[in-house]
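Below is one structure, written out as structure tokens, with a few remarks after it.
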Amino acid sequence: MKNKLTLGLVGFGCVGTGLYEVLNKSSLLDAEIKKIVVKTRGKKRLLPEEVFSYEINDILEDEEINTVVELIDDADAAYKIVVAAFKKGKNVISANKKLIAEHLDELILLSRTNNVSFLYEASVCGSIPVIRNLEEYYNNDTLSKVEGICNGTTNYILTQTNYGKDYETALKESQELGFAESDPTLDVDGFDAKFKLLILIKHAFGITETPENIFNYGIRNIKPEDVKYASEKGYRLKLFSRAERSDNQVFGFVAPHFIAEQHPAYNVNNEFNSVVVEALFSDKQLFVGKGAGSHPTASAVLSDVSALSFDYRYEYKKEEGGKGLSFSPDFEVKVYIGSADISQINQFVFTQVDEVYQSASYNYQTGWINFSQLKGVDFNSKKDLFLALLPEDIRLISSTDNEKVSEYETALF
Ligand code: HSE
């Protein structure tokens, strides 16, 4: 039996406007936006000024409104609104990955205590229905890996710079196209991709990680020499969010990756995102779709509205199995480190060196490195150095090896 949904919309930016438009075009849904609350008065918008309210209580105190759709980009303000909405017994739909990543367990508990639903399909990979799939589809198959391109802005920039455009122009375009966050640092330094990874990890493996515990490194320090290395080797650079499970350990991080032609993400360009899900019986599966932009993201919100009309709730079915799992930094990755200044590269202890290139203008080294060593470094702030992973599986290491690297770390950083 379908429920009628009366929505209170908070935020009328790129995604909010998109939701208004797609909802108007979708004749199948019995849902109506009763009120729209925004922050700034007098801004030029799609609808006349009198349609908007500037007071969140106009939604929270309205008993007819049974669902709050939160589409603002201020995660702290969103947190207060979502908590208040739950306490008023309203369902919440959100696209705010930062909010969700920072408060997931608390928000799940609040929604459960207040017997309402909390849905957020649009928060990860825009139009791709990845959360609902992880949640509903893989219960009887052991997931071993979830990885892919989870940020449209960086994929747009990387694609356009490959075509010869400069970084600043490509970033500006991605802002104009409505892909980038208001603070694009969240995109280019890999924070946005990390928030999404954290949400994926919850639905794939049943464990909650804090954002501080997940390594994120973005694309702002890429140099033309690094792009040249990629093209000479037949790779493409992509910002990858990666989570893998081995026995009772889960490994996860965000970093630029050199992607080989055989990888399904190789041809995923511009604002498109892709997620590869690997499971014991089904093997690899690829999801591809637009990961940013007004209508694609709004389509995922619309899908949550539709699911809510059938009383849908995430059940977090992997949580029980996740109890025995822990998040671990005990693995090695194969990396490329490039810099004009060789001393920047020599700071790192490689457990295996594969290739060394030195010249008067640029140097790089490839090989295996203990992830614990990378985790302690703020690579986003290291302008003179670029790090990317090479297309190899991670290598598990023993705790004895790890102790050895910890000694190096203490000495070096
Ligand atoms: N800034 C985000 C991105 C928007 O570029 O992917 C969609 O989450």
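The values are calculated or read from the model by the stated rules, or taken from the named source; none is laboratory data. Remember, it's a predicted structure, so these values are computed and weren't measured experimentally. Positions of Cβ are generated from backbone atoms using ideal geometry, with glycine treated the same way; all protein chains shown enter the neighbour counts. Heads up: the accessible areas ignore ligands, DNA and RNA and are worked out on the full protein's heavy atoms, side chains in. Shrake-Rupley method; radii C 1.70, N 1.55, O 1.52, S 1.80 Å.
Does anyone have the angle between helix 97-113 and the longest principal axis of the chain? Alpha-carbon axes, 0 to 90°, nearest 10? Computed tilt is about 50 degrees. Counting every alpha-carbon pair across segment 221-280, the share separated by more than 14 Å comes to 64%. Compactness of segment 166-252, taken as the C-alpha radius of gyration over 2.2 N^0.38 Å, stands at 1.28. Under 10 Å, Cα contacts only: if you run a Gaussian network model on the chain, which one of Asn270, Asn96, Asn213 comes out with the highest mean-square fluctuation? Result for the chain, Cα springs under 10 Å: Asn213 fluctuates most. For the residues Glu355, Glu212, Glu50, a GNM of the chain with alpha-carbon springs under 10 Å puts the largest fluctuation on Glu50.
For Val37, the residues whose modelled amide H falls within less than 5 Å of its own, excluding neighbours fewer than 5 places apart on the same chain, are Leu9, Val10, Gly11, Ser53.
Summing +1 for each Lys or Arg and -1 for each Asp or Glu among the other residues whose beta-carbon sits under 14 angstrom from that of Asp141 gives +1.
Ignoring any ligand, DNA or RNA, what whole percent of the accessible area of segment 282-323 comes from carbon and sulfur when the probe is 1.4 angstrom? Roughly 51 percent, rounded to a whole number. When you restrict to C-alpha pairs under 8 Å that are six or more residues apart and normalise by the size of segment 79-172, the relative contact order lands at 21 percent. For segment 126-253, carbon and sulfur atoms together expose 46% of the accessible surface, with a 1.4 angstrom probe and every protein chain in place. The HN-Hα couplings worked out from phi for segment 237-243 by the Karplus form 6.51 cos²θ - 1.76 cosθ + 1.60 (θ = phi - 60°) are 7, 9, 7, 10, 9, 9, 9 Hz, whole numbers, x standing for Gly and Pro. Computed 3J(HN,Hα) for segment 159-175, one whole-Hz value per residue from the Karplus formula 6.51 cos²θ - 1.76 cosθ + 1.60 where θ = phi - 60°, is 5, 5, 5, 4, 7, x, 6, 7, 4, 5, 5, 5, 5, 4, 4, 5, 6, glycine and proline marked x.
Residue by residue, segment 131-148 carries 3J(HN,Hα) couplings of 5, 4, 5, 4, 5, 9, 9, 9, 4, 9, 10, 6, 6, 10, 7, 9, 8, x Hz when phi is fed to the Karplus relation 6.51 cos²θ - 1.76 cosθ + 1.60 (θ = phi - 60°); x denotes Gly or Pro. Compared with the dominant Cα axis of the chain, that is its longest principal axis, helix 399-412 is turned about 80°. Over the residues of the chain, the helix contribution to mean residue ellipticity at 222 nm works out to -10500 deg cm²/dmol, using -39500 (n - 2.57) for each DSSP H run of at least 4.
Model label sites at Asp141 and Lys165, defined 7 Å from Cα along the beta-carbon direction, differ in position by 3.6 nm. Remark: C-alpha extents of segment 276-397 on the principal axes read 64, 38, 26 Å, sorted largest to smallest. Take the alpha-carbon centre of segment 2-27, take the same for segment 64-137, and report the distance between them in whole Å. Cα centroid to Cα centroid, the span is 15 Å. On full extension, the segment bounded by Asn267 and Asp62 gains 69.0 nm, given 0.36 nm per residue less the C-alpha separation.
Of the GluC sites (Glu not before Pro) in segment 265-320, the ones in a loop by DSSP (not H, G, I, E or B) with at most 15 other beta carbons within 10 Å are Glu315. Once backbone amide H atoms are built at 1.01 Å from N, Asp354 has Thr366, Gly367, Trp368 as its partners under 5 Å, excluding neighbours fewer than 5 places away on the same chain. Dimensions of segment 84-235 from C-alpha coordinates, computed as largest minus smallest value along each principal axis and given longest first, are 54, 36, 27 Å. In the elastic network of the chain, a GNM with C-alpha springs shorter than 10 Å, the most mobile of Gly252, Gly218, Gly178 is Gly178.
Computed as a quarter of the hull surface, the mean projected area of the alpha carbon convex hull for the chain stands at 20.9 nm².
About the centre of its Cα atoms, segment 1-156 shows a dipole size close to 240 debye [charges on the beta carbon of Lys, Arg (+1) and Asp, Glu (-1) only; nearest 20 debye]. Per residue, the accessible area of segment 344-394 comes to 43 Å², computed with a 1.4 Å probe over protein heavy atoms only.
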